[in-house]
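The values are calculated or read from the model by the stated rules, or taken from the named source; none is laboratory data. Since we're looking at a predicted model, the values are computed, not measured. Every residue, glycine among them, receives a Cβ derived from its backbone with ideal geometry; neighbour counts consider all protein chains shown.
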Amino acid sequence: MKPDRTQIEDLVRSLEKRHGVKSDQLKSEGRRFSGFLKALPRFRLVDPDPLLFVEHVGRVIVDGVLQVGHDYEKQVRKRVNKIRNYPEAGSVSGLRLLLEGQGIKQLLDFNSQETQKDLLDVARFFSIHNIESYSDLREWLGPEEHRDSLLSVQSGLGLNTRTPFRIADKTADYFRLLVCHWDAAAVDKGIKSVLAQARVVALNSNRYSYEGGRSSDLSVEIRILV
């Protein structure tokens, strides 16, 4: 998921356009944080999770929905591995047919009709946007306006069930990460904690959040520098 020079140049122009005069501060903080990471005695770059390279729509949707509010290694990974073993779930329509025909209990060993509704709602959302294959999904998640349309406040996804699943900024970015967009960065508590340890100053406040500016911008800048 490493970018080529053209992708880096495009991203830099995008960040400069978005942040204006603050883009220099963004670059400075990114370089400083990159230096902080490289100076850590045990710092190393690790290979991405092999699951990310499985081109399978069901894998993406199950992962994106179940990871909200669940322990990934204990509750999510085994269900992602289960659904990837169904070739027919590799498309949006195939996943819908399996869920409607067999149900989440048989498919994923997950006993929650509310979660099944979440999975079907996400699949229907993608169908409405003419997404069928993995390549369709990856291409559609490229533009920022498409990523933003996933948010529950716009799409309504997750709002009509009693599950933890909602799509806020982190989960919207996580969907992009699941289809291997190199610039995707789902900013979680772990990233925020490391930023705090490095005493990196946020663009708009001394706390990192998505409000008023995408905190993932700094993470992307660091990816370029590291």
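Can Val68 be described as closer than 20 Å to Tyr174 by Cβ, in the same structural domain as Thr171 (by TED's automatic domain parsing) and buried (at least 21 other Cβ atoms within 10 Å of the Cβ)?
Numbers: closer than 20 Å to Tyr174 by Cβ: yes; in the same structural domain as Thr171 (by TED's automatic domain parsing): yes; buried (at least 21 other Cβ atoms within 10 Å of the Cβ): no.
Judged against the criteria, Val68 is not a match.
Just give me the residues in the stretch 160-190 being basic (Lys, Arg) and not in a loop (DSSP other than H, G, I, E, B), in sequence order.
Correct list: Lys170, Arg176, Lys189.
At pLDDT below 75 and in the same structural domain as Arg31 (by TED's automatic domain parsing): is that true of Ser205 in this structure?
Working: at pLDDT below 75: yes; in the same structural domain as Arg31 (by TED's automatic domain parsing): yes.
So Ser205 passes the test.
Hey, among Arg77, Arg84, which residue is basic (Lys, Arg), within 30 Å of Leu107 (Cβ to Cβ) and in contact with a His (Cβ under 8 Å, 6 or more places away or on another chain)?
Working: Arg77 fails: in contact with a His (Cβ under 8 Å, 6 or more places away or on another chain).
None of the other options fit; the residue is Arg84.
Has the stretch 14-37 got any residue that is at pLDDT 80 or above, of a type in the set (A, V, I, L, M) and surrounded by fewer than 10 Cβ atoms within 10 Å (Cβ to Cβ)?
The answer is no, given that none of the residues of the stretch 14-37 is at pLDDT 80 or above, of a type in the set (A, V, I, L, M) and surrounded by fewer than 10 Cβ atoms within 10 Å (Cβ to Cβ).
Can Val153 be described as without any contact (Cβ under 8 Å) to a residue 60 or more places away in the chain, in a helix (DSSP H, G or I) and closer than 27 Å to Leu11 by Cβ?
Yes.
Output the number of the condition that Ala89 fails; it satisfies all remaining conditions of (1) small (Gly, Ala, Ser); (2) modelled with pLDDT of 90 or more; (3) not assigned by TED's automatic domain parsing to the domain that holds Thr161.
(3)
When the stretch 100-131 is examined, which residues are found to be in contact with a helix residue (DSSP H, G or I) (Cβ under 7 Å, 6 or more places away or on another chain), part of a helix (DSSP H, G or I) and more than 24 Å from Ser155 (Cα to Cα)?
If the condition is that a residue be in contact with a helix residue (DSSP H, G or I) (Cβ under 7 Å, 6 or more places away or on another chain), part of a helix (DSSP H, G or I) and more than 24 Å from Ser155 (Cα to Cα), then Leu107, Leu108 are the ones that fit.
Would you mention how many residues in the stretch 26-49 are touching a residue at least 24 places away in the same chain (Cβ under 8 Å) and either assigned to a loop (DSSP other than H, G, I, E, B) or β-branched (Val, Ile, Thr) (or both)?
Within the stretch 26-49, the first condition is being touching a residue at least 24 places away in the same chain (Cβ under 8 Å), and the residues that meet it are 26-27, 29-34, 36-38, 45, 48.
Subset that is either assigned to a loop (DSSP other than H, G, I, E, B) or β-branched (Val, Ile, Thr) (or both): 45, 48.
Number satisfying all stated conditions: 2.
Could you figure out which of (1) at pLDDT 85 or above; (2) part of a helix (DSSP H, G or I); (3) farther than 26 Å from Pro87 by Cβ isn't true of Gly69?
(2)
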